[in-house]
1. Restricting the first residue to segment 93-117 and requiring it to be more than 10 Å from G173 (Cβ to Cβ) and at pLDDT below 95, which pairs with a second residue that is of a type in the set (F, W, Y) and surrounded by fewer than 19 Cβ atoms within 10 Å (Cβ to Cβ) meet a Cβ separation below 7 Å and a spacing of at least six or different chains?
2. Yes or no: L36 touching a residue at least 24 places away in the same chain (Cβ under 8 Å) and either exposed (fewer than 14 other Cβ atoms within 10 Å of the Cβ) or of a type outside the set (S, T, Y) (or both)?
3. Tally the residues that are among the hydrophobic types (A, V, I, L, M, F, W, C) and surrounded by fewer than 17 Cβ atoms within 10 Å (Cβ to Cβ), restricting the search to segment 139-173.
4. Exactly one condition in (1) open to solvent by less than 20 Å² (accessible area, probe 1.4 Å); (2) not in a helix (DSSP H, G or I) is false for A100; which is it?
5. Kindly establish whether L36 is modelled with pLDDT of 90 or more and more than 30 Å from R149 (Cα to Cα).
6. In segment 177-190, what residues are modelled with pLDDT of 90 or more and either touching a Leu at 6+ places or on another chain (Cβ under 6 Å) or not in a helix (DSSP H, G or I) (or both)?
7. Six or more apart or on different chains, Cβ atoms under 8 Å: show the pairs whose first residue is in segment 47-73 and within 15 Å of I151 (Cα to Cα) and surrounded by 12 or more Cβ atoms within 10 Å (Cβ to Cβ) and whose second is modelled with pLDDT of 80 or more and of a type in the set (K, R).
8. List pairs: first in segment 177-190 and among the hydrophobic types (A, V, I, L, M, F, W, C), second at pLDDT 80 or above, Cβ under 8 Å, 6+ apart or cross-chain?
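The values are calculated or read from the model by the stated rules, or taken from the named source; none is laboratory data. Please read these numbers as outputs of a predicted model, since none were measured by experiment. With ideal geometry, Cβ positions are generated from the backbone for all residues, glycine too; neighbour counts draw on all protein chains shown. Accessible surface areas use protein heavy atoms only, side chains included; no ligands, DNA or RNA. Shrake-Rupley method; radii C 1.70, N 1.55, O 1.52, S 1.80 Å.
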Amino acid sequence: MPMSSRPVTAFSQEAAGRLRRVSRWARAFSYAAALLMLFGLLWLWTDAEALARHARSTIGLGNAPLASSARGYRAAFALAWIPAALFVLAMLRLGSLFRAFGEGRVLVEENAAGLLRVGWLLAGFGAATPIVRTAQSMALTFDNPEGQRHIAVMLDPGIFAALAAGATLIAFGLVLREAIRLSDENQSFV
């Protein structure tokens, strides 16, 4: 039987139990991260003081006056969902990948494809975040008087970490895909 399609019964009971436990915890953390992103996004955009702090620090508006404009708020809030959705989807995909691991499906082509998807989603999250923040800086100040509108471009280590994590998972998914193909090819010769 090729290594890439080993059912959980092919592992020792002890190894299968460890794999299930670790996968269960990793899946729980993935889902918790997705929920925290959603909770944080909703909390941030419903708390005016937190939003002002966020706009001044993370979005990069510093001491710029923020006109209380419903139009600007709605635009900035809608934009915030772009990177949040990419992150949530990445965590949900990661959770389903850990579910497959826990079921004993480890070295299978679907997992390599899943790693690639998670990697691309995280890379998209890292790339979209500074673009969205720049657009939010414009949205939150476009109703300011002439001369008080701002555009801010902010880069932070979290963006680079998301890009690095995404690139690493993409590379690992490609390597895993090739390793599975080689393993299957070697098994076919035996």
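1. G104/F11
2. No; evaluated as a whole, the condition is false for this residue.
3. The total comes to 11.
4. Condition not satisfied by A100: (2).
5. So L36 fits the description; yes.
6. Selection gives I180 alone.
7. T58/R133; I59/R133; G60/R133; A64/R56
8. A179/L107; I180/L107; I180/V108; I180/E109; I180/A112
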